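Report on the following structure.
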Amino acid sequence: MIGFLRAVALFIASMFMQWWWNTHFAYWGAAPQFLLVLTVLLAARRGPVLGMLAGFGWGLYLDVTRAELFGASALTLTLAAYFVGVARRQIDLRAAGPLAATTFLLTWAGFIVSGLLGLIFTKSFEWSGWVAIAVTPFLNAAAVTAAALILDARGDR
């Protein structure tokens, strides 16, 4: 029961952290995507099914907070967790380097998937801007490295 309550607290706290950081510290649309980072980390450490469930829930939260294409974030985060599950069979994602590189690539893939979903359903490519495309992958890689180091220091593997 304690583990479940910790998971719910992490789920809610991460949504608050995503909102707070993007509200107060985003610079020209560039801010770490904590929910993507945590989805990747959860899928790498606990398995793709749990990562996909959390990613879907976090994606619905992101879809509700933005007035863009509903369901795009949920699909993007679910796909990210799935691909981390596929990648963890061949790459050691417990190490910080491969985890950061995977997060870096999935951030760019997320921008492309969101844009293509916009193109398919709204007839316009959802563009985040050059600064977000150039800076956010680095911020996400740094955030996932920091989160992994914190988890490793606590012994939560």
Inset, instruction - Identify, from the list A148, A153, the residue that is in a helix (DSSP H, G or I) and modelled with pLDDT of 90 or more. - result: A148
Inset, instruction - With the condition kept exactly as written, say whether any residue in segment 47-56 is more than 21 Å from R94 (Cα to Cα) and modelled with pLDDT of 90 or more. - result: yes
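Given the options I133, I112, name the one that is outside any loop (DSSP other than H, G, I, E, B), within 16 Å of A31 (Cβ to Cβ), out of contact with any Leu (no Cβ under 8 Å at 6 or more places or on another chain) and not small (G, A, S). So that I can check it myself, show each step before the final result.
Details: I112 fails: within 16 Å of A31 (Cβ to Cβ).
Checking each option against the conditions leaves just I133.
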Legend entry - Conditions (1) in a loop (DSSP other than H, G, I, E, B); (2) modelled with pLDDT of 90 or more: number failed by P32: (2)
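Looking at segment 112-126, which of its residues are without any contact (Cβ under 8 Å) to a residue 24 or more places away in the chain and touching a helix residue (DSSP H, G or I) at 6+ places or on another chain (Cβ under 8 Å)?
Applying the first criterion (without any contact (Cβ under 8 Å) to a residue 24 or more places away in the chain) to segment 112-126 yields 112, 115-116, 119-120, 123-125.
Within segment 112-126, S124, F125 qualify.
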Legend entry - Residues within segment 23-39 that are under 17 Å from D63 (Cα atoms) and out of contact with any helix residue (DSSP H, G or I) (no Cβ under 9 Å at 6 or more places or on another chain), tallied: 1
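Output yes when any residue across segment 87-94 is part of a loop (DSSP other than H, G, I, E, B), polar (S, T, N, Q), surrounded by fewer than 19 Cβ atoms within 10 Å (Cβ to Cβ) and at pLDDT 90 or above, and no when none is. Break it down stepwise before answering.
Filtering segment 87-94 down to residues part of a loop (DSSP other than H, G, I, E, B) leaves 88-94.
Narrowing further to those that are polar (S, T, N, Q): 90.
Restricting the remaining residues to those that are surrounded by fewer than 19 Cβ atoms within 10 Å (Cβ to Cβ) gives 90.
Now drop any that are not at pLDDT 90 or above, which leaves 90.
Checked segment 87-94: at least one residue is part of a loop (DSSP other than H, G, I, E, B), polar (S, T, N, Q), surrounded by fewer than 19 Cβ atoms within 10 Å (Cβ to Cβ) and at pLDDT 90 or above.
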Inset, instruction - Scan segment 58-86 for residues that are outside any loop (DSSP other than H, G, I, E, B), free of Cβ contacts under 8 Å to residues at least 40 places away in the same chain and over 11 Å from the mean Cα position of the chain (by Cα) and jot them down. - result: L60, D63, V64, Y82, F83, V86
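Quick one: is G129 of a type outside the set (A, V, I, L, M, F, W, C), surrounded by fewer than 18 Cβ atoms within 10 Å (Cβ to Cβ) and touching a residue at least 40 places away in the same chain (Cβ under 8 Å)?
Details: of a type outside the set (A, V, I, L, M, F, W, C): yes; surrounded by fewer than 18 Cβ atoms within 10 Å (Cβ to Cβ): yes; touching a residue at least 40 places away in the same chain (Cβ under 8 Å): yes.
Yes.
The values are calculated or read from the model by the stated rules, or taken from the named source; none is laboratory data. Please read these numbers as outputs of a predicted model, since none were measured by experiment. Methodologically, a virtual Cβ is constructed for each residue, glycine included, from the backbone with ideal geometry; neighbour enumeration extends over all protein chains shown.
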